[in-house]
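Enquirer: Quick one: structure below, then a few questions.
The values are calculated or read from the model by the stated rules, or taken from the named source; none is laboratory data. Just so we're clear, the structure is a prediction, and the values are computed from it rather than from any experiment. Cβ: placed from backbone, ideal geometry, glycine included. Neighbour counts: every protein chain shown. Side chains are part of the model used for accessible areas, which takes the heavy atoms of the whole protein and leaves out ligands, DNA and RNA. Shrake-Rupley method; radii C 1.70, N 1.55, O 1.52, S 1.80 Å.
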Amino acid sequence: MSSRVLCFVSLLLCIFPAIAFALHLPLTLTHFDANDPSRDPYQILSYLASSSVARAHHLKNPQITATATSDATTTTPLFSHSYGGYSISLSFGTPPQILPFVMDTGSDFVWFPCTHRYVCKNCSFSPSSDQNVTIPSFIPKLSSSSRLVGCRNPKCSWVHHTNKTQCDECRNSLTTQNCTQACPPYFLLYGPGTTAGVALSETLNLGDRTVSNFLVGCSIFSSRQPAGIAGFGRGLPSLPTQLKLHKFSYCLISRRFDDSPSSSTLILDSTSDMDRKTNGLIYTPFIKNPIVRGKEAFQVYYYVGLRKITVGGRRVKVPRKFLSPGKNGNGGTIVDSGSTFTFMAREIFEPLAVEFVKQVKNYSRARDVEVLTGLRPCFDVKDMGKPVELPELRLHFKGGAEIALPLENYFAVVGEGVACLTVVTDGDVGGGKAVVGHSGPAMVLGSFQMQNYYVEYDLRNQRLGLKPQLCI
């Protein structure tokens, strides 16, 4: 992989020239068309379950980036997609080039597919297809504002999450101050996917506002990445940090609108400088991120304080050590828009699943579907003329905030009337062994569970606001 990245970098050197605000953006969901006979619903759920577990593996055991030797509020549409994510469109360059990005609160780097030579392996939107697809790319040579980031530029250290200089070729040079070495290539992991490229300084266009010298990645090679990624995490290179946002918020439309023109809205706000709460929202404070050597990515996540989980009004017995992050970084709950299904450590998931099985007496288990999808428990709910009734799942957070999830946010109906719990744990999908262990967050709250919820990240006041809302 490293030699491949270096080859791409040499090509890039020929392409580039010399080395108070709120925005509303459409938020789009990516989905699978259940009416498409070529898409097996069992395979779709299995794909989303396995990708959610793989995502949890990455979040719990993040890899450090590897090197290869105006208006105060802006909105944008937010779309839903069948590969499990929500995307926005952003405009970079002079003149502007518009590209889709997956919105990801679990990472802090913004990158786009880049150059005519961009290669993406296994990047089909459909989990049942291995064929490569054409993905729109940013073309640096068409932008007069594109610049490679130099190795002595402080933003180079943002990419590689280190305070050490990246100027290996200049370290022994007599003309260190005039060194023109570019920032070394990055190589990033996203659960089952990867991307590699070089850092650019580029202009971001947001409505009537332009943001110069925005740090963005120019990826030349990716695998299992259907679009670029806009990192909304807590790190220095993230979109909220670079835009100096005070808050951002979104409403995630139902998965029923996957891959359709329907969208909700992402709001970027840099003017909210007061402690006033947004009407109708319930708030829970962000929990202090654990600082663990070698696990710097933990500082990027949005931790919230989960107090308890109830099923049908009964408290699930969760060991206390899993509810809050310890000094070693293990435990606690994070909110991650880049995960589809919620992940729970086995010590949380097993008593949860047992409680559902104990309370569901009017439906039989569909164990064959559990094997096909990697989800459990699954129940045969086809009963003509009667509405489906399953126990309520409620999450209780610090500060008094509670979420009583709608049934469609934690059960998915598949095949001939089988409902499966859309929560995953390690070792269930594909019969794999538990390899995540107790490392990292014990619970990752995914986007599937947040459908038709308005979610506000109040960065200034360090709190998460929530309310149920029909997003479309």
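Enquirer: What tally of residues in the range 344-399 results from selecting those that are among the basic types (Lys, Arg), in a helix (DSSP H, G or I) and more than 30 Å from LYS288 (Cα to Cα)?
Expert: 2
Enquirer: To continue, here is another question. Can you tell me which residue is modelled with the highest pLDDT among those in the range 155-214 that are closer than 23 Å to VAL102 by Cβ and part of a loop (DSSP other than H, G, I, E, B)?
Expert: That would be PRO185.
Enquirer: Select from the range 67-110 the residues that are at pLDDT 85 or above and acidic (Asp, Glu) and write down the one among them that is nearest to MET443 (Cα to Cα).
Expert: ASP104
Enquirer: Quick one: what pairs do we get from the range 448-467, first residue part of a strand (DSSP E or B), second hydrophobic (A, V, I, L, M, F, W, C) and open to solvent by 30 Å² or more (accessible area, probe 1.4 Å), C-beta under 8 Å, 6+ apart or different chains?
Expert: GLY465/ILE282; LEU466/ILE282; LYS467/ILE282
Enquirer: Can you say whether SER263 is within 21 Å of the chain's Cα centre (by Cα) and polar (S, T, N, Q), as far as the supplied structure shows?
Expert: So SER263 passes the test.
Enquirer: Hey, another quick one. Pull up the range 78-95, narrow it to residues that are in contact with a His (Cβ under 9 Å, 6 or more places away or on another chain) and not in a loop (DSSP other than H, G, I, E, B), then point me to the one that is most open to solvent (accessible area, probe 1.4 Å).
Expert: For the range 78-95, the residue satisfying everything is HIS81.
Enquirer: Across the range 136-154, what is the total count of residues that are farther than 19 Å from PHE187 by Cα, open to solvent by 60 Å² or more (accessible area, probe 1.4 Å) and in a helix (DSSP H, G or I)?
Expert: Count: 2.
Enquirer: Is there any pair linking a residue in the range 350-377 that is assigned by the TED database to the domain that holds VAL53 to one that is aromatic (Phe, Trp, Tyr) and open to solvent by 10 Å² or more (accessible area, probe 1.4 Å), with Cβ under 8 Å and at least six apart or on different chains, and which?
Expert: Once the first residue is assigned by the TED database to the domain that holds VAL53 and sits in the range 350-377, its partners that are aromatic (Phe, Trp, Tyr) and open to solvent by 10 Å² or more (accessible area, probe 1.4 Å) give VAL369/TYR42; LEU372/TYR42; THR373/TYR42.
Enquirer: Right, next: Are there any pairs, at least 6 apart or on different chains, whose C-beta atoms fall under 8 Å, with the first in the range 265-294 and on the phi > 0 side of the Ramachandran plot and the second open to solvent by 40 Å² or more (accessible area, probe 1.4 Å) and of a type in the set (Val, Ile, Thr), and if so, which?
Expert: GLY294/ILE64
Enquirer: Related question: Enumerate the pairs (first residue in the range 395-424 and outside the structural domain of LYS288 (by the TED database); second residue anywhere and at pLDDT 95 or above and hydroxyl-bearing (Ser, Thr, Tyr)) with beta-carbon separation below 9 Å, excluding pairs fewer than 6 apart on the same chain, so at least 6 apart or on different chains.
Expert: none
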